[in-house]
Amino acid sequence: YIASITANGLSVTVSNPAGQTYQFPALAANGSLTATYAINMYTITVTDTANGDIAPNTGSYAAGSTPSFTITPSSGYYIASITANGLSVTVSNPAGQTYQFPALAANGSLTATYAQTMYTITVAQTANGVIAPGTGSYAAGSAPSFTITPSSGYYIASITANGLSVTVSTPAGQTYQFPALAANGSLT
């Protein structure tokens, strides 16, 4: 855009930065005309939502530039959606990805939403006892507990969690608590 105009050494008001005409008064001597220009700057407005971060934050960028932004979910979350300039962007890597704007010719916007990572604990109920609760989904990082109760006249013979044997400390009934979840699991 036109940043300044100087005619015969005097400043001229820039009335139209996109382009304007300057007319000299009746000439009585040699003259000079100078214009300086500056690149248009556009603002990318970044809206951070809970459970993740977009970096860098809101900022100004030169016309024609192609700024990139890194979208990172918080631990235990994944990228559920990305919106750039009001349009949906494909989430190619829910664990974190980069979005690059095309050559800027206007202001823009970027936002992302995040969802909690969930894991399934598959409970295999066998005869003569009950594991409660049954199969279910649990948030990443949670440590769900299960109560193992044998039927009347029976005792707990074995417990298997994630394919590994668990010590039976109370054959008449006990609780098993998973460590902080980072994957699906199983309990038998």
Given the options Ile54, Ile121, Ile71, state which has the largest fluctuation in a GNM of the chain using a 10 Å cut-off (strictly under) for Cα springs.
-> Ile121
Counting pairs of alpha carbon atoms under 8 Å apart in space and at least six apart in sequence, what relative contact order in percent does the stretch 27-123 give?
-> 33
Space enclosed by the convex hull of the alpha-carbon atoms of the stretch 109-178, per residue, Å³ | 89
The answer for the per residue Cα convex hull volume of the stretch 31-91, in Å³, is 98
Tally up the carbon and sulfur contribution to the accessible surface of the chain as a whole percent, 1.4 Å probe, everything protein left in place.
-> 54
Using the Kirkwood radius over Cα pairs, work out the Stokes-Einstein diffusion coefficient for the stretch 78-132 at 4 °C and 1.567 mPa s, in µm²/s as a whole number.
-> 88
antiparallel share of DSSP beta bridges within the stretch 27-123, to nearest 5, in %, is 85
Descending semi-axes in Å of the stretch 1-48, equivalent ellipsoid built from Cα gyration tensor | 34, 9, 7
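Can you tell me the accessible area per residue over the chain, all protein chains present, probe 1.4 angstrom, in square angstrom?
Dividing the accessible area of the chain by its residue count gives 58 Å².
Ratio of Rg to Rh for the chain, alpha carbon only, Kirkwood?
1.45
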Taking only the C-alpha atoms, wrap a convex hull around the stretch 1-102 and report its volume per residue in Å³ as a whole number.
-> 116
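The values are calculated or read from the model by the stated rules, or taken from the named source; none is laboratory data. Everything quoted here is computed from the prediction, not taken from an experiment. Please note that ligands, DNA and RNA were not included when accessible areas were found on the heavy atoms of the full protein model with its side chains. Shrake-Rupley method; radii C 1.70, N 1.55, O 1.52, S 1.80 Å.
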